[in-house]
Amino acid sequence: MTDLTMIIPLTEWIAASLLIAVSACLQGVSGIGFGMVAAPILAIVHPELVPGPMLFLGLVIAVMAVLREPADLDRRGLAFALAGRLPTSILAAILIGVLPVKALGIVFAAIILGGVALSLARVPLGPTPGTLLGAGLLSGFMGTITSVGLPPVALVYQGVPASTLRATIGGYLAIGTVISIAALATVGRFGVHDMALGLWLVVPMSLGFWVSTPLARRMPQRMVRMAVLGLSATAALILLARQFAA
């Protein structure tokens with residue numbers, strides 16, 4: 001494998017590894033949190049890690065989530081959500097190729113804050129074909145631009161058992177991420193370099209997810225959820241302030 005210092009400075013890799021481990025643990029416990037916490041902070045620490053490498057890591061952790069609780073996966077609902085994700089993933093990939101860096105940073109931060117608002121919403125939605133299709137459309141755009149596409153789908157599933165939420169979100173993230181990566185690769189925004197950056201962070205991510213397994217049935221879900229949303233909003237606001245100050 002390529003020398004680490006040629007890909008990412010050691011201090012930045014250590015900071016990114018700690019962040020990825022914590023985010024993976026939050027994802028494993030609550031079903032959300034990996035991209036929402038890690039992505040906006042990584043956009044500040046080492047912008048090259050978003051969205052491509054983060055999408056690659058999201059794919060790996062999603063597969064882990066499905067393998068841990070496969071019986072709780074809502075396969076029918078998954079199909080409707082994924083049908084919505086495809087067209088907006090392509091649109092987002094095209095926009096990434098034409099938006100200037102500063103504008104992309106502002107869009108990135110705004111989408112993260114929108115995701116937090118969606119996650120805080122107590123809208124009485126259920127996993128019906130219509131709501132899942134709509135959530136998939138919104139999620140495809142958000143996920144491809146920022147690697148954070150879970151809030152709309154998580155909002156639809158917020159009333160189901162925690163194990164169903166975790167497994168179905170994992171299944172959606174796994175297949176949906178493949179769609180987003182393919183869309184980015186088509187416009188030249190994902191390649192071997194992105195995968196190499198992601199591979200350097202697979203071990204800390206796996207450790208964080210492993211720690212989450214015994215915690216998933218013990219940690220208060222509301223407390224974890226509020227921590228995820230608070231960290232995500234703070235990081236997005238800092239990123240937004242940096243874009244306007246530049």
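Things worth noting here:
- When Met219 is tested against (1) surrounded by fewer than 22 Cβ atoms within 10 Å (Cβ to Cβ); (2) in contact with a helix residue (DSSP H, G or I) (Cβ under 8 Å, 6 or more places away or on another chain); (3) under 24 Å from Ala15 (Cα atoms), just one condition goes unmet, and that condition is (3).
- Taken over segment 136-152, the criterion of being within 22 Å of Ile20 (Cβ to Cβ), in a helix (DSSP H, G or I) and touching a Gly at 6+ places or on another chain (Cβ under 7 Å) is satisfied by Ser139, Met142, Gly143, Pro151.
- Taking the listed residues Val160, Val178, Val156, the one that is under 17 Å from the mean Cα position of the chain (by Cα) and more than 23 Å from Leu57 (Cβ to Cβ) is Val156, with no other qualifying.
- Among the residues of segment 14-39, those identified as small (Gly, Ala, Ser), closer than 22 Å to Leu240 by Cβ and either open to solvent by 30 Å² or more (accessible area, probe 1.4 Å) or assigned to a helix (DSSP H, G or I) (or both) are Ala15, Ala16, Ser23, Gly35, Ala38, Ala39.
- Of the helices (runs of 4 or more DSSP H) lying entirely inside segment 160-228, those containing at least 3 residues that are β-branched (Val, Ile, Thr) and under 21 Å from Arg68 (Cα atoms) span 162-186, 202-215.
- Listed by first and then second residue, the pairs with beta-carbon distance under 6 Å, at least 6 apart or on different chains, first residue in segment 93-104 and within 16 Å of Val187 (Cα to Cα) and surrounded by 15 or more Cβ atoms within 10 Å (Cβ to Cβ), second of a type in the set (Gly, Ala, Ser) and at pLDDT 80 or above, are Ala93/Ala183.
- Any hit, segment 204-212, residues being touching a Pro at 6+ places or on another chain (Cβ under 9 Å) and in contact (Cβ under 8 Å) with a residue 60 or more places away in the chain: no
- Positions within segment 85-112 being closer than 17 Å to Ala154 by Cβ and touching a Pro at 6+ places or on another chain (Cβ under 9 Å), in sequence order: Ile112
The values are calculated or read from the model by the stated rules, or taken from the named source; none is laboratory data. Computed from a predicted structure; not experimentally measured. Because the Cβ atoms are built from the backbone with ideal geometry, glycine has one as well, and the counts that use them run over all protein chains shown. For accessibility, only protein heavy atoms count, side chains too; no ligands or nucleic acids. Shrake-Rupley method; radii C 1.70, N 1.55, O 1.52, S 1.80 Å.
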